[in-house]
Amino acid sequence: MANGLSENTFAEPNSGDRAAVDLEERNPTFRSMDESTEQQWREIGRQTRDNQSGTPIAILEMLRSLISVVDGFAIDQLGHSLQTATRAERAGADEEMVVASLCHYIGKAISVANHPRIAAEILRPYVSDEVYKVIPTHQDFQGRHYYRYFGLNPESRSQYSAEPWFELGEKFADEWDQTSFDPDYSTESLEHFEPMVTRVFAKPKAMI
């Protein structure tokens with residue numbers, strides 16, 4: 001044909017070609033960020049938003065995995081998490097605090113050693129700053145009940161006494177958390193908390 005165009009130039013692409021085009025449109029093609037464009041980042045943002053619905057599912061799976069973590073306690077760590085959340089809910093805590101109570105040991109699914117900070121950072125984009133601050137520090141509040149056995153300061157919580165969330169931290173540690181290793185306590189199921197988990201993790205308050 002004239003002008004260097006072949007008869008196939010405007011032909012409908014076959015299914016393989018269409019798939020390649022669709023994949024390229026869906027997935028940015030840059031190999032380093034300094035080559036990226038605004039359009040590509042907009043597409044990344046769109047896909048990130050579309051995939052957000054999977055976050056509550058992932059959280060619930062991590063929580064379920066805690067059933068295999070016992071580490072010498074009277075109940076497994078899923079049971080402890082459920083019991084803590086149950087106590088928080090029955091005490092009238094708001095939904096974010098109930099979910100944070102449920103998730104405060106979720107870091108143990110990855111690493112026991114720094115589980116408070118793992119849990120806190122998972123929660124951070126989804127809850128208030130006050131609720132967030134309670135979680136990475138909860139071990140220092142719990143310390144009043146056992147730190148002396150390890151040669152640590154049982155009053156480590158005092159370093160946070162001027163913080164606006166200090167009272168909530170004490171309530172969480174003393175009334176809901178440290179009491180929740182009781183195999184005879186009437187504890188709500190994970191299914192009971194699923195709607196709360198879904199609502200709290202549905203959309204981040206901010207991207208960090």
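Bear in mind these aren't lab numbers, they're just calculated from the coordinates by the rules spelled out. Here the structure is a predicted model, which means the values were calculated and not measured. Glycine gets a Cβ as well: all are built from the backbone with ideal geometry, and neighbour counts include every protein chain shown.
Can you tally the net charge around W176? Count Lys and Arg as +1, Asp and Glu as -1, for every other residue whose Cβ sits under 11 Å from the Cβ of W176. Working shown, then result.
Numbers: positive: R87, R90, K171; negative: E89, E170, D174, E175, D177.
Local net charge: -2.
Between Y149 and E38, what length comes free when the chain is fully extended (0.36 nm per residue of separation minus the Cα-Cα distance, one decimal in nm)?
On the way: separation 111, 0.36 × 111 = 39.96 nm, distance 5.57 nm.
Contour length minus the Cα-Cα distance gives 34.4 nm.
Taking the chain as a Gaussian network, Cα atoms linked when under 10 Å apart, which of Q142, Q159, Q178 shows the biggest mean-square fluctuation?
Highest fluctuation among the options: Q159.
Considering the values (i) 17.5; (ii) 12.5; (iii) 19.4, which represents mean projected area of the Cα convex hull in nm² as calculated for the structure under consideration?
Label of the calculated value: (i).
Please give the helix 38-51 orientation as an angle from the longest Cα principal axis of the chain, in degrees from 0 to 90, rounded to the nearest 10.
50 degrees
In the neighborhood of R144, defined by Cβ-to-Cβ distances under 15 Å, what is the net charge if each Lys or Arg adds +1 and each Asp or Glu adds -1?
-4
Can you tell me the orientation of helix 15-26 relative to the chain, as the angle in degrees between its alpha-carbon axis and the longest Cα principal axis, to the nearest 10?
Once rounded, one gets 50 degrees.
What distance in nm lies between label points placed 7 Å from Cα along the C-beta direction at D129 and R64?
Spacing of the two 7 Å Cα→Cβ label points: 3.7 nm.
Taking loop as defined by DSSP and a crowding limit of 13 other beta carbons within 10 Å, which chymotrypsin sites (Phe, Trp or Tyr not before Pro) in region 119-208 fit? All intermediate terms of the calculation are to be shown ahead of the outcome.
Details: sites: Y126, Y132, F141, Y146, Y147, Y149, F150, Y160, W165, F166, F172, W176, F181, Y185, F193, F201; in loops: Y146, W165, F181, Y185, F201.
Hits after loop and neighbour filter: Y146.
What full-extension length gain, to one decimal in nm, is calculated for L168 and T29 as 0.36 nm per residue of separation minus the Cα-Cα distance? If you can, show how the numbers build up before the last one.
On the way: separation 139, 0.36 × 139 = 50.04 nm, distance 4.71 nm.
Difference between extended and current length: 45.3 nm.
Please compute the net charge surrounding S189, taking Lys and Arg as +1 and Asp and Glu as -1 over other residues with Cβ under 15 Å from its Cβ.
Values: positive: R64, R87, R90; negative: D76, E89, E188, E191, E194.
Its environment carries a net charge of -2.
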